[in-house]
Structure formats: C-alpha cells, structure tokens
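The values are calculated or read from the model by the stated rules, or taken from the named source; none is laboratory data. These numbers come from a predicted model, not from an experiment. Note that we place each Cβ from the backbone using ideal geometry, even for glycine, and neighbour counts take in every protein chain shown. For accessibility, only protein heavy atoms count, side chains too; no ligands or nucleic acids. Shrake-Rupley method; radii C 1.70, N 1.55, O 1.52, S 1.80 Å.
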Amino acid sequence: MLIEWSVITSDHVQQACESVAARSTDRNKGLVVYSGERRLPAKEVLREAYRLAKGLAPEAEVNFASGEATLNVLRRLGLRAERLSSRRAHSKR
C-alpha cells in the first residue's frame, strides 16, 4: 500500500490522539506525540489518523517504517513530536 500522508489533517490526528489515548498509557521512550500532557505512541497515532483520513476500517493494516519521517509528518501538522531516549525518561522521574 502506498501511503499518501498528504490526506491527513490536524483534525484526523486530533481524533486519532483521542482514540489512542483511550487505550494506551503514556510512553517514556521511543517516538511520541504530545496530546495535552499525554505522551502517545507516534506511529500508532499516525496509523490511526491515516485510517480516519482514508475512511479505512479500524482493523485495516497500515504498514510503514517509523522514524524521523513519522515525526516530521506530525510536526508539519503542528504537533509536538519527538524521540525520547530511555536515559532521558529516567532523568525526568
């Protein structure tokens, strides 16, 4: 499946954040996107936002490699997204 990131809007990401936040705990490492004070898994949020944007079923597979590209898509939509290292997570406790 060719991923068309341009179809995702900030509204899709906001809806995805709400959905992911309802079933996920805060992340302390890895790629995260901030939704208020919550740190959500960036790849999961982006996957859900893509499903919403394309009108795909919740169980539809959306496969892509995550990394800086994932963070950049979210940042272009005005969100705060970053990579947390386990060392940084420990220092914030």
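Remark: the chain carries a charge dipole of roughly 600 debye about the Cα centre, counting +1 on each Lys and Arg Cβ and -1 on each Asp and Glu Cβ. Within the full protein context, the accessible area of residue 24 is estimated at about 30 Å² for a probe radius of 1.4 Å. Sorting the segments 8-15, 27-34, 61-68 by their mean number of nearby beta carbons within 10 angstrom, highest to lowest, gives 27-34, 8-15, 61-68. Between 65, 46, 81, the Cα set farthest toward the positive side of the dipole of the chain (charges on each charged residue's Cβ, about the Cα centre) is that of 81. Reducing the stretch 1-20 and the stretch 29-74 to their Cα centroids gives an inter-centroid distance of 7 Å.
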